[in-house]
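The values are calculated or read from the model by the stated rules, or taken from the named source; none is laboratory data. Computed from a prediction, not measured in an experiment: that's the story for all the values here. Neighbour counts are summed over all protein chains in view; Cβ atoms, including those assigned to glycine, are modelled from backbone coordinates with ideal geometry. Keep in mind that these areas ignore ligands, DNA and RNA; they rest on the heavy atoms of the full protein, side chains included. Shrake-Rupley method; radii C 1.70, N 1.55, O 1.52, S 1.80 Å.
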Amino acid sequence: MTDPNCVDVLVLYATAKGSTRGIAERIASCLRTGGTRVAVRSVADTSPLPSCAALVFGSAIHDRQWLPAAEDMAGRIAEECGVTAPVWAFSVSSVGSTSTLLSSRLADFLRPRTPEPLAVQRLRKQVPLRDHRWFAGSIAPGDWPGVGRVVFRLMGGHYRDARDWPDIEQWARRIESAVHSST
Ligand SMILES: Cc1cc2nc3c(=O)[nH]c(=O)nc-3n(C[C@H](O)[C@H](O)[C@H](O)COP(=O)(O)O)c2cc1C
């Protein structure tokens, strides 16, 4: 029987409105198709993490940074959580590598100028960080608080789901082949 405390890949995520969870679940289902043993966990789950050969760790972006619970876990991933496996990180924001919730002109301007979130920089210092990828998420009317809503419209923002599923799946396949080539 499979040991639930030991998986090939652990997909860990932090979400406020659910789009990051959707991406985490899609990555997990792509990995499972290839026969990889995968567990998906929210950072809100405080039980001990299963041991894993690889960690995929993603968070929604608020105010240019990972959500506080993900930031907190990223800061203690090696020492307290015991993760020493290679890590693939992803950030879910208004602007992804291949799609955007904002105007495409503004997205082209922002992509090369957006610094890596602090949590990702912290991960890099503790574990072998194999990649960090930006995905666009989704936004609905009412998600942004007052002033943010106005700024969002001024930036050419549209309320919609901008997740690029083929790009997300391609990234998952790259992780899968890296995991299998190292085992
Ligand atoms: C309060 C708030 C702050 C946000 N801050 C940013 C930001 O600083 N940069 C950005 O690109 N997107 C920002 N966004 C957009 C979110 O990153 C995007 O909607 C993402 O899909 C949210 O993921 P979730 O559905 O998993 O919570 C913000 C959204 C909200 C609601």
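Results, tabulated for the structure shown:
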quantity: Angle between the chain longest axis and helix 19-33 axis [Cα atoms, degrees, rounded to 10]; calculated: 40 degrees
quantity: Relative intensity, log₁₀ I(q)/I(0), of segment 6-181 from a Debye sum that treats every alpha carbon as a point, q = 0.11, 0.14, 0.20 Å⁻¹; calculated: -0.44, -0.71, -1.37
quantity: Sites R149 and R64, calculated FRET efficiency, Cβ-Cβ separation with R0 22 Å, nearest 0.05; calculated: 0.80
quantity: Tilt relative to the chain, helix 165-181 - C-alpha long axis, 0 to 90 degrees, to 10; calculated: 20 degrees
quantity: Charge dipole magnitude, Cβ of K and R +1, D and E -1 - the chain, Cα centre, debye nearest 20; calculated: 460 debye
quantity: The chain: antiparallel DSSP beta bridges as a percent of all, rounded to 5; calculated: 15 percent
quantity: Per-bin percent of Cα-Cα distances, segment 44-146 [10 Å]; calculated: 14, 44, 29, 12, 1
quantity: Derived scalar couplings ³J(HN,Hα) [segment 66-73; Karplus, 6.51 cos²θ - 1.76 cosθ + 1.60; whole Hz; x for Gly, Pro]; calculated: 4, 4, x, 5, 6, 4, 4, 5
quantity: Under-5 Å amide H pairs with G58, H placed in peptide plane, nonlocal only; calculated: L12, Y13, A14, F90
quantity: Segment 57-103 shape via C-alpha gyration tensor axes, a/c threshold 1.5; calculated: oblate
quantity: Residue-normalised accessible area of the chain, given per residue in Å² at a 1.4 Å probe; calculated: 52 Å²
quantity: Only Lys, Arg (+1) and Asp, Glu (-1) charged, at Cβ; segment 4-85 dipole about Cα centre in debye; calculated: 340 debye
quantity: Share of carbon and sulfur in the accessible heavy-atom surface of the chain [1.4 Å probe, %]; calculated: 51 percent
